[in-house]
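Working notes, beginning with the structure itself.
The values are calculated or read from the model by the stated rules, or taken from the named source; none is laboratory data. What you see is a predicted model, and the numbers here were worked out from it, not measured in a lab. Virtual Cβ from ideal backbone geometry, glycine too; neighbours counted across all protein chains shown.
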Amino acid sequence: MLVVRLFFRLNESLKRTTTVYMVMVATLIGVLGGLGAVGFRYLIQFLQSLAWLTQDYQLDWIASLPWYHVVLVPAAGGFLVGSIVSLFAREAKGHGVPEVMEAVALRSGRIRPRVVAAKALASSLCIASGGSVGREGPIVQIGSAIGSTVGQWLRVSPRRLRTLVGCGAAAGVAATFNAPVAGALFAVEVILGDFGVPQFSPIVISSVVATVISRHYMGDLPAFEIPAYSMEHPMELLAYAGLGVLAGLVAIVFIRGLHGAEDLFDAVKLPLAFKAAVGGMLVGAIALLFPGILGVGYEEMNRALLEEPAAKFLLFLLLAKLLAVSITIGSGGSGGIFAPSLFLGAVLGGAVGWAMQRWFPGSVGEQGAYALVGMGAVVASTTHAPITAIVILFELTNDYRIILPLMISCIAGTLLASRLHPESIYTIKLLRRGVKLRSGQDVNLLKRIPLAEILRRDVPTIASNVRLGQLLEPLLNQEIPCLYVVDEKGVLHGTITLQQLRPLLRDLESVKDLLIAEDVSQTQWPAVMEDQSLDHILQRLDYEYRDELPVVDLQGKLVGLVRLEDVLARYRKELFKHEMAGSIAGSLQHHDGPGIMHAVGDYVVAEVDAPAEFFGRDLASLQVRARFGLNVLLLKTADERSGNVAARMADPDSVVKADDRLVVFGPRGRVQAWPRG
């Protein structure tokens, strides 16, 4: 116990040296993440040798096995994976990255330590038995869970904990692809959505350290056998742009097919283990015709890169892989979608390259070059992370000449995919759970906040029959950005800005008494309803590219104005409340009586008893903010037998129990006026 106390005392002292402390912890996570990635790969190889009765797993060997072996091994693996997920950690289901993003956005980076073991075992079993998934997603989740566990054990702040989760994710990607820069960019572009230097520096350190660990055990070898690249003619860039467009379309089909399969299997009323077994059996049946779809599929990708398979075969292989991945993930399998995206890109690019060589012989590059660029284009389109995709492919090839076609294809694919399907393959899964992320943060923090709380009632209006000369005065002298035109009943008819009137100012003297407000107003100006929530308002402001929007009622009457600055200020307040709740959740102790726990000026965080009228009601119906001027951060319950305190985050649906105590935030006077009993 003395050693533990001394350690934590030293830990608290080192925390004051911010940079040095984060470098030390990032290095530790890089070592653990690198070892985790290497161990995960060795575990897959060991289980693969047991499942397929060979130390040298190759497609030719799979093709020589009896048909029932190819069908039953994935089925048995699916059953085991479904059992592990059901019994130990539901987070181990699926491809893992959305769970990490959700933990960063909603739980300040807190991930259960058991996820490391459950994800490692479930995903290795799924991949080794032939599940059509990749190992990158699981390694990201394992590395992130390691970073989160280390951070929780060291009792770091929520901001630092999120950074450490990013360190773990970067370590996983870097160790997998032997690509330290891509690992760091994946963490900040996909997981955190924040390129700030305080977050980026420790992530780079973890990524580099994990790469060193991986190279020590696995060798300094690229993940794929890379073909020679050459661009024969500048016009070939048009073909690469077309490849990007096709990659965007394939990405959309992939995303929708994946979640369509999940919905289909969710509708089947069977235990998860049995559904995963059925999924494995179906994948095995597909593998009788296309054995390359089993597992991560690197061998088939290398064939597409180095050989010249016919386009017809590649297109059938693409459809088979799409189906196999969707079945594996949808039925409850555990594994990533990064390698399947690379697979789809390789066969798509190979097919395009085959066609280009037949149509323009001697005028285009090798078929394998198109396969390589296609890999990056599909990854960029599915993840909406073009920077990561470009850097990964560049680090794999170490050839700067491929950057130009790679950038064109990745950007073209990402633009098309994000336009037709705004959510990436990661964020769509969270959106289906009611979590909408933007730049790594949950914009649904505003979902239950009504517009009325920030509505501005003092709107600059003008009657529709006012002459042009009269309406110029407020625009020019009072510096009002926009006037809202209403009739005698207050119904909104349009808007007028100085920009709209500029063409008329040259002949102002001749038209100022001829034109009225209704003549010069813009009638198509977007408006929002007063009963809409702030998350919807923020999306409208972003989509319409406006700084403000008028608010109308059901009859079209103008009732107020909402400004972007007010919405963002409210979001920052809600985010501060959320982060404060996360920072104190792990350090609360149960005690009797009200007590102030933290104070910031006139605002305090305090623990209070729940009044009897609260029992059995949810926070939304209680309207604590409106009635008492306080925000509920946490609900606490003490176990009478063990004495342990269970703290749960407060949300509008949280129901107050009879033995709950509330952790609230607000003005000191409001806390002191809280009802007793």
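Run down Gly330, Gly365, Gly279, Gly335 and say which single residue is in contact with a strand residue (DSSP E or B) (Cβ under 7 Å, 6 or more places away or on another chain) and in contact (Cβ under 8 Å) with a residue 60 or more places away in the chain.
Of the residues listed, the single one that is in contact with a strand residue (DSSP E or B) (Cβ under 7 Å, 6 or more places away or on another chain) and in contact (Cβ under 8 Å) with a residue 60 or more places away in the chain is Gly335.
Would you mind listing the helices (runs of 4 or more DSSP H) fully within segment 29-133 where at least 3 residues are at pLDDT 85 or above and crowded, with 17+ Cβ neighbours inside 10 Å?
It comes to 67-87, 114-128.
I'm checking my understanding of the structure. Among residues of segment 368-397 that are among the hydroxyl-bearing types (Ser, Thr, Tyr) and either free of Cβ contacts under 8 Å to residues at least 24 places away in the same chain or touching a Gly at 6+ places or on another chain (Cβ under 8 Å) (or both), which one is surrounded by the most Cβ atoms within 10 Å (Cβ to Cβ)?
Ser381
Considering only segment 602-611, how many residues are in a strand (DSSP E or B) and surrounded by 19 or more Cβ atoms within 10 Å (Cβ to Cβ)?
The number of residues fulfilling the criteria is 5.
Go through segment 178-187 and give me each residue that's of a type in the set (A, V, I, L, M), surrounded by 24 or more Cβ atoms within 10 Å (Cβ to Cβ) and assigned to a helix (DSSP H, G or I).
Ala182, Ala184, Leu185, Ala187
Check Ala267 against each of (1) surrounded by fewer than 16 Cβ atoms within 10 Å (Cβ to Cβ); (2) without any contact (Cβ under 8 Å) to a residue 40 or more places away in the chain; (3) more than 27 Å from the chain's Cα centre (by Cα) and name the one condition it does not meet.
Unmet condition: (3).
Might you check whether a residue that is within 29 Å of Tyr298 (Cβ to Cβ), in a helix (DSSP H, G or I) and either touching an Asp or Glu at 6+ places or on another chain (Cβ under 7 Å) or modelled with pLDDT under 85 (or both) occurs anywhere in segment 152-173?
Checked against the condition, which is being within 29 Å of Tyr298 (Cβ to Cβ), in a helix (DSSP H, G or I) and either touching an Asp or Glu at 6+ places or on another chain (Cβ under 7 Å) or modelled with pLDDT under 85 (or both), segment 152-173 yields at least one hit.
Name the residue, out of Phe614, Phe628, that is modelled with pLDDT of 80 or more, touching a Leu at 6+ places or on another chain (Cβ under 7 Å) and either surrounded by 12 or more Cβ atoms within 10 Å (Cβ to Cβ) or not polar (S, T, N, Q) (or both).
When all the criteria are applied, what remains is Phe614.
Can you tell me which residue in segment 222-263 is modelled with the lowest pLDDT, limited to those that are out of contact with any Ser or Thr (no Cβ under 9 Å at 6 or more places or on another chain) and among the charged types (D, E, K, R)?
Per the criteria, the residue is Glu225.
Just checking, which of Leu323, Leu306, Leu288 is under 26 Å from the mean Cα position of the chain (by Cα) and surrounded by fewer than 24 Cβ atoms within 10 Å (Cβ to Cβ)?
Criteria check complete, one pass: Leu323.
Would you pick out the residues in segment 523-543 that are exposed (fewer than 13 other Cβ atoms within 10 Å of the Cβ) and more than 30 Å from the chain's Cα centre (by Cα)?
Thr523, Gln524
It is to be established whether one or more residues within segment 553-561 are at pLDDT 75 or above, over 22 Å from Ile449 (Cβ atoms) and out of contact with any Leu (no Cβ under 8 Å at 6 or more places or on another chain).
Yes - at least one qualifying residue is present in segment 553-561.
Conditions tested, residue by residue: (1) out of contact with any Phe, Trp or Tyr (no Cβ under 9 Å at 6 or more places or on another chain); (2) within 23 Å of Tyr370 (Cβ to Cβ).
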{"site": "Gln152", "(1), (2)": "yes, no"}
{"site": "Leu161", "(1), (2)": "yes, no"}
{"site": "Ala210", "(1), (2)": "yes, no"}
{"site": "Ala228", "(1), (2)": "yes, yes"}
{"site": "Leu243", "(1), (2)": "no, yes"}
{"site": "Ile252", "(1), (2)": "yes, yes"}
